[in-house]
Amino acid sequence: FEHGLLTGRHVLINAGPTREAIDPVRYISNHSSGKMGFALAEAAAEAGARVTLVAGPVNLPTPPRVNRIDVVSALEMQAACESALPADLFIAAAAVADYRPADCATHKMKKDPKSSNGLTLELIPNPDILAGIARHAQRPWCVGFAAETHDVLAYAADKLERKNLDLIIANDVSAPGIGFNSDNNAVTLIDRSLHEEHLPMASKNKLARQIISHVAGRLATDKAV
Ligand code: PMT
């Protein structure tokens, strides 16, 4: 792992889940801990980059020399990521909620004690933060993650294409001991020519360094053209 690999680069990373409010005390979210994104931010800073880390609600210390911006919802995460641009590299490790409640109730929603009816929540789509940034004219080199439970590589390749990315990191989140909230992970990097590179199970810190080395190499060759 070389320390000067990303010197002079601005690297934007998002991490963790988002929370989508139902009312003042309830929300929709997911099991992302932020560990993968925080490990990437730490590795990018070690490689010499100026790092902006946009973090959803997580319980993790800020890595050394990383500029951290805390957000809660997908809309806040999008605004913070857009304001951090321009960047040379964007790594979207966050598990952004795809939907949010159409309305957030002003007061705590009350259960009707006389009724045994269920409750239907209307959800509306959130914007796609990564696809939005990948559409910018002056776009950073864009890396996405694809958290999948089946047909992992096929779905990941589809997201690479659909979101106009430079690299997608396929993450099988159905396998035990890796993925959401664990300390270890195993991933496959897929690039625009559909070349696959598998990084076997290791700690998220070790994988983060491998991913940063790989991406820094690609950034150097692609930006030199
Ligand atoms: O946080 P940890 O506990 O360490 O777990 C790590 C992880 C499993 C969350 C991480 O490795 C991972 O896979 N992150 C992406 C999770 C995800 O939401 O994947 P997706 O397949 O739904 O989304 C594809 C890509 O689009 C992702 O880069 C995501 O950040 C981005 N996206 C998705 C939806 C949306 N509205 N906006 C986005 O930018």
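The values are calculated or read from the model by the stated rules, or taken from the named source; none is laboratory data. Note that the coordinates shown come from a computational prediction; the quantities given were computed from them, not determined experimentally. Here Cβ is always computed from backbone atoms with ideal geometry, including for glycine, and neighbour counts include all displayed protein chains.
Side notes on the structure shown:
- Check on VAL54, in contact (Cβ under 8 Å) with a residue 40 or more places away in the chain and either within 16 Å of the ligand (Cβ to nearest atom) or crowded, with 16+ Cβ neighbours inside 10 Å (or both): yes
- Pairing each residue of region 10-24 that is closer than 11 Å to PHE38 by Cα and charged (D, E, K, R) with any residue that is at pLDDT 95 or above and away from the ligand (no atom under 13 Å from the Cβ), provided the two are 6+ apart or on different chains, yields no C-beta distance under 9 Å.
- Residue match in region 30-40 (condition: within 13 Å of the ligand (Cβ to nearest atom), at negative phi, surrounded by fewer than 16 Cβ atoms within 10 Å (Cβ to Cβ) and not in a helix (DSSP H, G or I)): yes
- Among the residues making up region 128-152, those that are loosely packed, with under 12 Cβ neighbours inside 10 Å and either more than 12 Å from the ligand (Cβ to nearest atom) or of a type outside the set (Val, Ile, Thr) (or both) are ALA137, GLN138, HIS150, ASP151.
- Of residues in region 158-207 being part of a helix (DSSP H, G or I) and of a type outside the set (S, T, N, Q), the one nearest to LEU89 (Cα to Cα): LEU160
- Residue in region 213-221 that is surrounded by 15 or more Cβ atoms within 10 Å (Cβ to Cβ), more than 10 Å from the ligand (Cβ to nearest atom) and among the polar types (S, T, N, Q) present: yes
- Failed condition for TYR155, given (1) within 12 Å of the ligand (Cβ to nearest atom); (2) in a strand (DSSP E or B): (2)
- The set of residues from region 100-122 being without any contact (Cβ under 8 Å) to a residue 60 or more places away in the chain and surrounded by 10 or more Cβ atoms within 10 Å (Cβ to Cβ) comprises just one member, ASP103.
- Tabulated pairs, region 173-198, first of a type in the set (D, E, K, R), second within 8 Å of the ligand (Cβ to nearest atom) and outside any loop (DSSP other than H, G, I, E, B), C-beta under 7 angstrom, 6+ apart or interchain: ASP183/LYS35; ASP183/LYS204
- Looking only at region 158-200, residues that are crowded, with 20+ Cβ neighbours inside 10 Å and of a type in the set (S, T, N, Q) come to 2 in all.
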